[in-house]
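Step one of this worksheet: look at the structure below.
The values are calculated or read from the model by the stated rules, or taken from the named source; none is laboratory data. Please read these numbers as outputs of a predicted model, since none were measured by experiment. So basically every Cβ, Gly included, is an ideal-geometry build from the backbone, and we count neighbours across all protein chains shown.
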Amino acid sequence: MPQSPVAAQPRAEGQLTLSAKRQGANSVLDRYRPSGAMKAMFPRRPGPLQAIAINSAGGITGGDRLAIAAEAGPGAHLILTTQAAERAYRAASGWGRFDTELRARAGSTLFWLPQELILYQGAALSRSLTIALEADARLLMVEPVIFGRTAMGERLTEAAFRDRIAIDRDGKPLYRDGLRLEGDLSARLARAGIGGGGGAMASVLYVAPDADAHLAALRAEMPPTGGATLLRQGVLAVRLIAEDGFHLRRHLLPVLDRLSQDTLPTSWRL
């Protein structure tokens, strides 16, 4: 008896759109539109508006299409984070995509502080982050990535990850970063010129008038596999490589606490 054809597995789609505006001494929600698998929670606290993005699909796999578009209005302070680490699972076919577009208007402060992205064996993820800064807007950005579940002995012998970061100031390029790893990621990361055997990494960018003042303190806290530098006046970059997610957080949290002035979202502590 012939078997009935199996229907194609549905793929997750979602778009989260939100913005913050200044209201007196506080920043409040201006616009909010969730759709599909993407939504957000907003803890009620004075001061900055904190938004916690949630992917209700539980992760990303081949064919998924997820996106975030967020804006800090003039003079507002928006802190955007995630509920937990994002997981890129094995892809049966095709690439998963996650695209984020952020804007910080004049006089605003934008913190983009997602928790770790964890790549699983067989993952195929293409990710992009685009940030437009106006005039004197401030920015704190972190992008942490964990390559496999090292506690379970997982090795990424077959996976693909493409990542692109583009940050502009008043329409002019300020920062560009890109990463493309395909195939045996564990073997590639073992190379001295790529990962030196590390299984986790993070990129941090801090754009603010006081960026220069933090350089010496951050360099003093860096492990041998980390570094901090001024790309130009007011633009501070940090890169960390660690053996796993635990050791990455151990060195990353003090950096984020310092640069955020101890306003790191509660979800990072859970």
Problem set entry | Lone unmet requirement of (1) modelled with pLDDT under 95; (2) under 12 Å from Met201 (Cβ atoms); (3) surrounded by 17 or more Cβ atoms within 10 Å (Cβ to Cβ) for Pro265 | (2)
For this session: Restrict the check to segment 168-186 and report whether at least one residue is in a helix (DSSP H, G or I), more than 30 Å from Met41 (Cα to Cα) and among the basic types (Lys, Arg).
Result: no
Seminar exercise, completed: Residues of segment 227-242 being assigned to a strand (DSSP E or B), without any contact (Cβ under 8 Å) to a residue 60 or more places away in the chain and surrounded by fewer than 21 Cβ atoms within 10 Å (Cβ to Cβ), in sequence order, are Gly227, Thr229, Leu230, Leu231, Arg232, Arg239
Problem set entry | Any chance Leu66 is modelled with pLDDT of 95 or more, surrounded by 23 or more Cβ atoms within 10 Å (Cβ to Cβ), closer than 26 Å to Glu13 by Cβ and within 14 Å of the chain's Cα centre (by Cα) | yes
Exercise. Out of segment 250-270, which residues are assigned to a helix (DSSP H, G or I) and in contact with a Pro (Cβ under 8 Å, 6 or more places away or on another chain)?
Worked result: His251, Leu252, Thr266
For this session: Only one of these is touching a strand residue (DSSP E or B) at 6+ places or on another chain (Cβ under 7 Å), in contact (Cβ under 8 Å) with a residue 60 or more places away in the chain and farther than 24 Å from Ala135 by Cα: Ala85, Ala72. Name it.
Result: Ala85
Exercise. Within segment 204-230, which residues are over 18 Å from Asp136 (Cα atoms) and hydrophobic (A, V, I, L, M, F, W, C)?
Worked result: Val204, Leu215, Ala216, Ala217, Leu218, Ala220, Met222, Ala228
For this session: Would you mention how many residues in segment 168-197 are under 28 Å from Tyr120 (Cβ atoms) and either of a type outside the set (D, E, K, R) or in contact (Cβ under 8 Å) with a residue 60 or more places away in the chain (or both)?
Result: 15
Seminar exercise, completed: Taking segment 49-66 and keeping residues closer than 22 Å to Phe111 by Cα and among the hydrophobic types (A, V, I, L, M, F, W, C) leaves Leu49, Ala51, Ile52, Ala53, Ile54, Leu66
For this session: Using the structure shown, decide if Asp257 is within 26 Å of Glu86 (Cα to Cα), exposed (fewer than 14 other Cβ atoms within 10 Å of the Cβ) and either within 15 Å of the chain's Cα centre (by Cα) or among the acidic types (Asp, Glu) (or both).
Result: yes
Exercise. Mind checking which residues of segment 98-156 are crowded, with 17+ Cβ neighbours inside 10 Å, within 15 Å of the chain's Cα centre (by Cα) and among the β-branched types (Val, Ile, Thr)?
Worked result: Thr100, Ile118, Ile131, Val142, Val145, Ile146
Exercise. Scanning for something modelled with pLDDT under 95, under 21 Å from the mean Cα position of the chain (by Cα) and of a type outside the set (Val, Ile, Thr), does segment 28-43 turn up at least one residue?
Worked result: yes
